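To start, the structure under review is shown below, and the notes come after it.
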Amino acid sequence: MLLSEVTNTGFFNLAPWIIFSPVIGLLVNIIYGGRMGEKAIGWLASAASGLAFGVSVLLAVSLSGVHGEAQVVLFADWIRIGELNIPWNFRVDTLSVTMMLVVSGVGTLIHIYAIGYMHEDVRFKNDLGRYRRFFVFFNLFIVMMMILVSGDSYLMLFVGWEGVGLCSFLLIGFWYEMDTLGRPSWANSNAAKKAFIVNRIGDLGFILAAMTMFWYFGSLQFGEVFAQAEEIAAHQPLVMIAITLFMLIGVAGKSAQIPLYVWLPDAMAGPTPVSALIHAATMVTAGIYLVARSAPLYVTVPNAQYIVALVGAVTALCAATIAVGQYDIKKVLAYSTISQLGFMVAAVGMGAFAAGMFHLVTHAFFKALLFLSAGSVILGLERGHHHLAHHGKSEMPAEAAPTPPKYGHGSSSHNEAFDPGDMRNMGGLRKTMPVTFWLYLIGSLALAGIFPLAGFWSKDEILADAQLHYPLVYILLTIAAFFTAFYMGRQNWMVFFGKARHDAAAHAEESPKIITVPLMVLAGLSILGGALNLPYLHTFTHWLGYTLGGEGAEVVAEGAAHAVEAAPWYVLGGLNLAVAGLSTVLALAAIYISWILYGRKPLTHGQIDPLKKMLGPIFTGMERKWLVDEIYWALFVDRYVDVSRFLADVIDWRFWHDWFHDKFIAGTYNWLSNIALDKVIDTRGIDAFFNGLGEMTKQASASLRRLQNGFVRSYALAVLFGVVVILGYLLIR
Amino acid sequence: MDFTLILFIVLAAVAVLTAIGMLVSRNAVYAALFLVLNFATVAIFYLMLGAPFIAMAQVTVYAGAIMVLFLFVIMLLGAEKLPKGGVLPWQRPLAIGLAAVLLAEAGYLLFQRIQMTTELAGPGLEVNSVEAVRTLGLALFNQYLLPFEVTSVLLLVAMIGAIVLTKKEKGEA
Amino acid sequence: MTFALIIEWLIKGFVLVLVLLGGFAYLTLYERKALARIQSRIGPNRAGPWGILQPIADAIKLIFKEELIPARADKLLFILAPVVTLVPALVITAVVPWGTEVMMFGRKVTLYIADINVGVLYIMSVASIAVYGVVLAGWSSNNKYAMMGGLRSSAQMISYEIALGLSFIAAIMLAGSMRMLDIVEAQRNLWFVLLQPVGTAIFLIATLAEVNRPPFDMPEAEQELTAGYHTEYSGMKFALLFMAEYDKMIAISAIGATLFFGGFRGPFVDMYPWLGPVYMLLKLVILLFGMIWVRATWPRIRYDRLMAFGWKVMLPLALAIVFVTAAGIILAEQVNPLFLWSIPIVSLLAGFTAIMMLYRTLRRKEYARA
Amino acid sequence: MLPLTYYLVISAILFVLGALGVLIRRNPLIIFMSVELMLNAANLAFVAFARSFDVLTGQIFVFFVIAVAAAEVAVGLALIVVIFRTKHSIDVDLMSSLKG
């Protein structure tokens, strides 16, 4: 195409801009950020993300213009080795556009929130320079996530998959030289390393899946792989099971499922916007996206599907029970996230891809809302604490005189580290932070699944599907839903009701507009998000059905089909009233129980959790996370250290270094060079030859020297003479 | 006698006369100016031969850059004229004689060995299409890319060389 | 080549020369008026209404002045130099198109003199010839000041010619041709100033240096060199030098308008070809005002800094611009049309970087002392 | 059109004049100019042959010659300037010793 022929050929060509705009944002911030000031940095990063959202909206609109037909936007050649040809193309279909909208939409809101949050965070931790770094990482994350969801092959998806892993690592360890309370420690960087290593285990599964796939399918492009899925599954069912289960390991790593979920709670070490964006709304849902994307593979092997669903359900229940026993406001939300991811994995495992994706979207709304509100609460407490430290009005147990802080504020100015995230330090915030309270309440109710908030619709769609196919999964998930409502109730009573259990909570201040306004938008989405897929209409299911066509669409549309054909009386337009009613009653009951335990008689300072008295060791188990971390440590980490010691000391040092390198190789080499090469070949052979050559040259030049008289023009005359003679000879000849 | 032939004869006369002028003028500035004129007439020859790009490059590089550089050096050094006399008195007659022989040989070669009637191919002065320049450029950047790059390196080396040569050492006034 | 065609060429050439000579006279008036306005004065207003007869009065004065030739000057070159200076300024405009074709006296008349396929190269080579006049004027006067002025001027012109040529290349690449008409045609929808704003800026700055206008009027810096290369000139010969300077301004503005500002293109020009020269004149007047404005507001910069600016700022920036343009065109042609806009964006970033670095260098203490 | 020989004759004359200039002038600047004249004569022959055989190679070669000539002049003039600085004269016949 010549420059003169270049014209705008439609919005699909804009697809690469979902990556370009955050790339531009981060480049400008890297190059000019040092001279731009905080406001400009933050808003530039937000605008970059917002532009990506705008492009995603354009893509969605264009896509509905072509009736959801998947578009592949050719972009660039990437790998071309023999038969292996993997271009970097952008796949624009309903599934990927849904993910793009969530990533960039929620991402933009969290960027804006972070402008306010990081402004205070870098001041509490005394390093203003990291403000820019944070937004560079954040934009990089958007880039990587967009690559993940827009790639047209498993390899491109893997690039994004690793990229978001890297961003997650960088951002968990953002304050790498301190712990969450700002004391000098390696706690944060250890959390980052843990997340990174556990994710690598999952990625190994992904790589194995991709390699197996390439071996049997001869391609990693989505289109080519899916086209052969039926055939391979019919002839080599074991291959298909291997691929899907390897992939499940990857999903378990990225989406924090049993047995690889242990990194996510520790990941709360990152700043709160990170927890909201990466560890709740977007990155951790990559696994669900992967399963949904691979729907044509999964539907061919029901056994694998069942295993996936079961993993999800067990994770959902297990994590929900742990969440009950946590005291840290973000830890509760972290386990809640694992639990909800379990719901989604169970849903996509059952083949209810639309339900799973629907829950993914609504969960992104309300979990981001919850995390960000929790961040607001933590900031409020920090501010309250700051206020106290500077005014010294202590009404509670003694605190030491302030000393000059080294690492920020929280630690060294007080004997006893104050943890602004500990719910035992909160209480009564309803009055001091009213806006945050209402936002948090909306998020909690949406998560608990109370009608008519977003969570109600999406969770009940999953439960209804489970009830149809897998009774065991259904029972597990229902219990998990009960626990969900209970721990959210517990958290709300502990944080916002009763009386302040710490000075800081009593002096907490409401957050500024820049923080609360994005929250309000998210709250609105949490309330209205259910409208995406209302009974009878099933907008979202149809939208995704364009992409998950073929067998996938059958399963997806099954809920709707049931409603039309064999619907019992309690199923209305795809909404199973019995299931919905039961879960709502359970949720309300759970909230009531939590009120009895925590709301009626609020906790006081230093009081033991009332549930502990009732359940004893079981609650201790919940509190200690069922000792999973300790078991992993004993089983894997210690053994690994033993093996590495052996390798380093015996194999590497003693065998390779001392014996093989020093004695064997170096000794032989020394002998060869000293005796054979130097004395014999070099001195007697080579030197002698070249010295002789030099001597000859000297003698020859001595006799030729006389020709040189120094007049340039004479030389030229001689040259001309030569020319004339030669030319004459040529003519006469 | 057609128009082109008259033009050619006039230009040829100018070219030879300016070359002789350069050869004999005692003042180096005049020699340089004669040479500029000579280059300009050669550029017109190029135009007549259907090589407009080369013609323009000739004027830009030779007349516009190289000869200005000469004038610069002449004026800066004050080297317009050299004192009379030299150390090689036999050089001049010998050179003139040899040059005459060379010219005779060339003439013999041209008039005896090559047919006078060999006509040039193509339409000549009328060649004025954009394609000609485009073809030249494409050949330069495809077939002759390596020589082109080597030339660029050569120019860079020459530039650095000129700077290093004329740079004054530190401490030297 | 018919007789009528030769006559047509002669007439067109004659008209063009007349326009340039008359334009010179009124450009001086324009400049004096504009300068006066900027400096809160009135300017020439005695000769004729609004002073429109002032140029004629000046001409009469110059014609009747005594012609002086220094005793030890090189007479031939001293007389030849003003002519050598003026001719390129007139000749260079031959390739600038003022429109496409109009019907006149029953035959199609093209509104340009020559339409050659290497039009831009022609401009480059004629511009490089223009140095001679100045150098010879300086040398033949046999006056140290004049000689220094001439050498300065030629060094400056050669230095800035490189950046100028590179900015031409940006326009050539965008149009895909060296023919002036093609370049104008390529700007039918989009002026190159929008696609390559930094290239245009380089062109405008380099042309200021090329025609020795303030703030680059080194060769004529009166406090250093009395009056530079025309110190010894008087009367009509001085007028010729003066004329050459202003005709160069006109010529270079016409070239700039053609390369970057859409040339004779404007609304309705396809329907009424006569509008072409009108648009061209309009653009010319605006660009010339830019030059006058710069003269009124900017102080002259020191000679070493002028050279440093030319070689250390303009040349690298122009090279970067060429590279960016080439890369942008390839990306737009091969990958995605939207990459076309990466050309102005990346160029502006490059320009911005250059300005930032320049600013920081100027802020350094050693530089202020140097 | 004119025969090829016309151009070759002009080229030969210019070349011989250039060679003569190198041999009989003592001013290195003029010697240099004569070298340029010889290059130019060769260029003219190249272009004429290119036209005669209807190929572009000749023109390409001329392009390279022009570039190389520019490089050569830059270095050569720099050398002359340096020589003038040390010897205060630029007569080539005075430059007959290897030591500056």
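The values are calculated or read from the model by the stated rules, or taken from the named source; none is laboratory data. Being a predicted model, the structure only gives us computed values, none of them experimental. Every residue, glycine among them, receives a Cβ derived from its backbone with ideal geometry; neighbour counts consider all protein chains shown.
The table below gives the values:
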item: Tabulated pairs, segment B:124-147, first at positive phi and of a type in the set (Val, Ile, Thr), second modelled with pLDDT under 85 and surrounded by 15 or more Cβ atoms within 10 Å (Cβ to Cβ), C-beta under 7 angstrom, 6+ apart or interchain; result: none
item: Unmet requirement for C:Leu68, which otherwise passes all of (1) modelled with pLDDT of 85 or more; (2) under 25 Å from C:Ser140 (Cβ atoms); result: (1)
item: Condition check for D:Phe61: more than 16 Å from A:Val723 (Cβ to Cβ) and either more than 7 Å from every other protein chain (Cβ to nearest Cβ) or free of Cβ contacts under 8 Å to residues at least 12 places away in the same chain (or both); result: yes
item: Residue match in segment C:121-139 (condition: free of Cβ contacts under 8 Å to residues at least 40 places away in the same chain, among the hydroxyl-bearing types (Ser, Thr, Tyr) and over 30 Å from C:Asp270 (Cβ atoms)); result: yes
item: Residue ID - surrounded by the fewest Cβ atoms within 10 Å (Cβ to Cβ), chosen from residues in segment B:16-33 that are more than 9 Å from chain D (Cβ to nearest Cβ) and touching a Ser or Thr at 6+ places or on another chain (Cβ under 9 Å); result: B:Val29
item: Residues located in segment B:20-67, provided they are more than 25 Å from C:Ser154 (Cα to Cα) and in contact with a Gly (Cβ under 7 Å, 6 or more places away or on another chain); result: B:Leu23, B:Met48, B:Gly50
item: Residue within segment A:188-197 that is under 29 Å from A:Val314 (Cβ atoms), buried (at least 21 other Cβ atoms within 10 Å of the Cβ), among the hydrophobic types (A, V, I, L, M, F, W, C) and out of contact with any Gly (no Cβ under 9 Å at 6 or more places or on another chain) present; result: no
item: Qualifying residue in segment C:159-175 (condition: within 18 Å of B:Leu69 (Cβ to Cβ), away from chain B (no Cβ under 12 Å), of a type in the set (Ser, Thr, Tyr) and part of a helix (DSSP H, G or I)); result: yes
item: One residue from D:Ser89, D:Ser52 being surrounded by fewer than 19 Cβ atoms within 10 Å (Cβ to Cβ) and either at the interface with another protein chain (Cβ under 7 Å from one of its Cβ atoms) or outside any helix (DSSP H, G or I) (or both); result: D:Ser89
item: Residue in segment C:95-134 that is surrounded by the fewest Cβ atoms within 10 Å (Cβ to Cβ), counting only those that are away from chain B (no Cβ under 12 Å) and aromatic (Phe, Trp, Tyr); result: C:Phe105
item: Selection status of D:Val75, farther than 30 Å from B:Phe111 by Cβ and either crowded, with 21+ Cβ neighbours inside 10 Å or facing another protein chain (nearest Cβ under 7 Å) (or both); result: yes
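Residue-by-condition table, conditions (1) part of a loop (DSSP other than H, G, I, E, B); (2) over 28 Å from A:Phe358 (Cα atoms); (3) more than 22 Å from the chain's Cα centre (by Cα); (4) among the β-branched types (Val, Ile, Thr):
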site: A:Ala209; (1), (2), (3), (4): no, no, no, no
site: A:Leu238; (1), (2), (3), (4): no, yes, yes, no
site: A:Gly250; (1), (2), (3), (4): no, no, no, no
site: A:Ala256; (1), (2), (3), (4): yes, no, no, no
site: A:Leu264; (1), (2), (3), (4): no, no, no, no
site: A:Met268; (1), (2), (3), (4): no, no, no, no
site: A:Val274; (1), (2), (3), (4): no, no, no, yes
site: A:Ala280; (1), (2), (3), (4): no, no, no, no
site: A:Val284; (1), (2), (3), (4): no, no, no, yes
